[in-house]
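**Q** Before anything else, here's the structure in question.
The values are calculated or read from the model by the stated rules, or taken from the named source; none is laboratory data. Since the structure is predicted, the reported quantities are computational estimates derived from the model, not experimental observations. All Cβ positions, glycine included, derive from the backbone under ideal geometry; neighbour counts span all protein chains shown. We work out accessible area using only protein heavy atoms, side chains counted, and drop any ligands, DNA or RNA first. Shrake-Rupley method; radii C 1.70, N 1.55, O 1.52, S 1.80 Å.
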Amino acid sequence: MRQARDSFLMFLKDNLDSSIALHAVRFDVNNPNAALLQNNAVNITFTDPVYHNKVADQPVHIDICHEDELTALSWSRTVWDLMSIRMYTELKDYTSPSSPTQPGGAIFWKDTIRFRSVDSPFYSHLHARLSLYHTLH
Amino acid sequence: MSRATAIKNRVDTVLRKFTPLERTVYKRITTRSGGNDFIGRPSNVTVSDTLFDPQPFYEQIGRRPVSGGRDKVETLSTGTGQLTTDDYAFTFSASALTMADIKGAAIQLVLKDSSGNAEVLNIMDYDPIAMNSIVIALTVYARSTNRP
């Protein structure tokens, strides 16, 4: 499951334009801000992992928060353009981050990403939820 | 010396008289380097605890006044009856904790007792007390990482 998370994060980080800030939301007792959504960024949050002996499921939330609604909309299109190229990416093991290995297999997702607007008086917020399917190694 | 600076020095003197309390307070800075911190795999994580000087005064916010003094409430009861730790209010000397410190993303507060037990707190809010554009003291509200 950790491989799926790392692989998806690095897939986005390596392929999204550097002008789009990417924030991995994660609870870390030594990093209080890591668990907070970041404004003017594409936030990635992993939720309830589902283990299965054939195809496991790692749900992921994509929260695009930006002070400008049109930029948030543009970023949602950019994320879709990237993820719709192939609907999958290689599964990699990042235990050694500088030299990831490929245990085999891929993580894949369905061909629809539905964004919902989240009301906020402070910023524009688009939220999408999808599943990352993969086999466990 | 300006009046604000004189008052700030007086705050330091008062704090030294009333502190330290049962537990001493440290500033914790966590730094990560190497590896890939973006996916949560930094190769080197260092935690540095620095003793505040002067020590701040602190109390738990839930303390309520009762006849003859205050009743210390260390825990709160949630709607399900679960006990959880109360939030803390700190009064810091502006010499010990600066606005730049507070706004730093990696700062946490740590309470340590004489046995070495430690409780880590995250800063939730702060309220600078200023005079003539000089911060003379800081009120900081912090929540224990033990709190669910």
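**Q** If I go through the stretch B:8-48 residue by residue, how many of them are closer than 20 Å to B:Val110 by Cα, open to solvent by 60 Å² or more (accessible area, probe 1.4 Å) and outside any strand (DSSP E or B)?
**A** Count: 4.
**Q** If you take the residues of the stretch B:135-148 that are within 14 Å of another protein chain (Cβ to nearest Cβ) and either open to solvent by less than 50 Å² (accessible area, probe 1.4 Å) or hydroxyl-bearing (Ser, Thr, Tyr) (or both), which of them is farthest from B:Ser2 (Cα to Cα)?
**A** The selected residue is B:Thr145.
**Q** Whether any residue in the stretch A:47-55 is more than 14 Å from A:Ala4 (Cβ to Cβ), modelled with pLDDT of 95 or more and open to solvent by 30 Å² or more (accessible area, probe 1.4 Å) is what I want to check. Write out each step before concluding.
**A** Narrowing the stretch A:47-55 to residues more than 14 Å from A:Ala4 (Cβ to Cβ): A:53-54.
Checking the rest, the ones that are also modelled with pLDDT of 95 or more come to none.
No; the residues of the stretch A:47-55 include none that is more than 14 Å from A:Ala4 (Cβ to Cβ), modelled with pLDDT of 95 or more and open to solvent by 30 Å² or more (accessible area, probe 1.4 Å).
Per-residue answers, yes or no, for (1) free of Cβ contacts under 8 Å to residues at least 60 places away in the same chain; (2) of a type in the set (S, T, N, Q); (3) in contact with a His (Cβ under 7 Å, 6 or more places away or on another chain):
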residue: A:Ala56; (1), (2), (3): no, no, yes
residue: A:Val60; (1), (2), (3): no, no, no
residue: A:Ala72; (1), (2), (3): yes, no, yes
residue: A:Val79; (1), (2), (3): no, no, no
residue: A:Arg86; (1), (2), (3): yes, no, no
residue: A:Thr89; (1), (2), (3): no, yes, no
residue: A:Tyr94; (1), (2), (3): no, no, no
residue: A:Thr101; (1), (2), (3): yes, yes, no
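**Q** What residue, among those in the stretch A:1-30 that are of a type in the set (Ser, Thr, Tyr) and open to solvent by 60 Å² or more (accessible area, probe 1.4 Å), is farthest from the other protein chains (Cβ to nearest Cβ)?
**A** First, pick out the residues of the stretch A:1-30 that are of a type in the set (Ser, Thr, Tyr): A:7, A:18-19.
Now restrict to residues that are open to solvent by 60 Å² or more (accessible area, probe 1.4 Å): A:18-19.
Details: A:Ser18: 13, A:Ser19: 17 Å.
For the stretch A:1-30, the residue satisfying everything is A:Ser19.
**Q** List the residue pairs whose Cβ atoms are under 9 Å apart, where the first residue sits in the stretch B:10-36 and is more than 30 Å from A:Ser96 (Cβ to Cβ), the second is of a type outside the set (A, V, I, L, M) and in a helix (DSSP H, G or I), and the two are 6 or more positions apart or on different chains.
**A** B:Lys27/B:Asp101
**Q** Looking only at residues in the stretch B:102-134 that are within 14 Å of chain A (Cβ to nearest Cβ) and not aliphatic (A, V, I, L, M), which one is least open to solvent (accessible area, probe 1.4 Å)?
**A** Going through the stretch B:102-134, the residues within 14 Å of chain A (Cβ to nearest Cβ) turn out to be B:102-110, B:118-126.
From the residues that got through so far, the ones that are not aliphatic (A, V, I, L, M) too are B:103-104, B:108, B:119, B:122, B:125-126.
On the way: B:Lys103: 138, B:Gly104: 30, B:Gln108: 0, B:Glu119: 18, B:Asn122: 32, B:Asp125: 83, B:Tyr126: 77 Å².
The extreme case among them is B:Gln108.
**Q** May I ask you to list the residues in the stretch A:89-136 that are open to solvent by 40 Å² or more (accessible area, probe 1.4 Å) and aliphatic (A, V, I, L, M)?
**A** A:Val118, A:Leu136 - these are the residues of the stretch A:89-136 that are open to solvent by 40 Å² or more (accessible area, probe 1.4 Å) and aliphatic (A, V, I, L, M).
**Q** Of all residues being at the interface with another protein chain (Cβ under 10 Å from one of its Cβ atoms) and among the basic types (Lys, Arg) in the stretch B:10-42, which is farthest from B:Thr145 (Cα to Cα)? Just the residue, please.
**A** B:Arg41
**Q** From A:Arg86, A:Arg77, grab the single residue that is in a helix (DSSP H, G or I), of a type outside the set (S, T, N, Q) and open to solvent by 30 Å² or more (accessible area, probe 1.4 Å).
**A** A:Arg77
**Q** From the residues in the stretch A:31-74 that are touching a Leu at 6+ places or on another chain (Cβ under 8 Å) and in a helix (DSSP H, G or I), which one is nearest to the other protein chains (Cβ to nearest Cβ)?
**A** The extreme case among them is A:Ala72.
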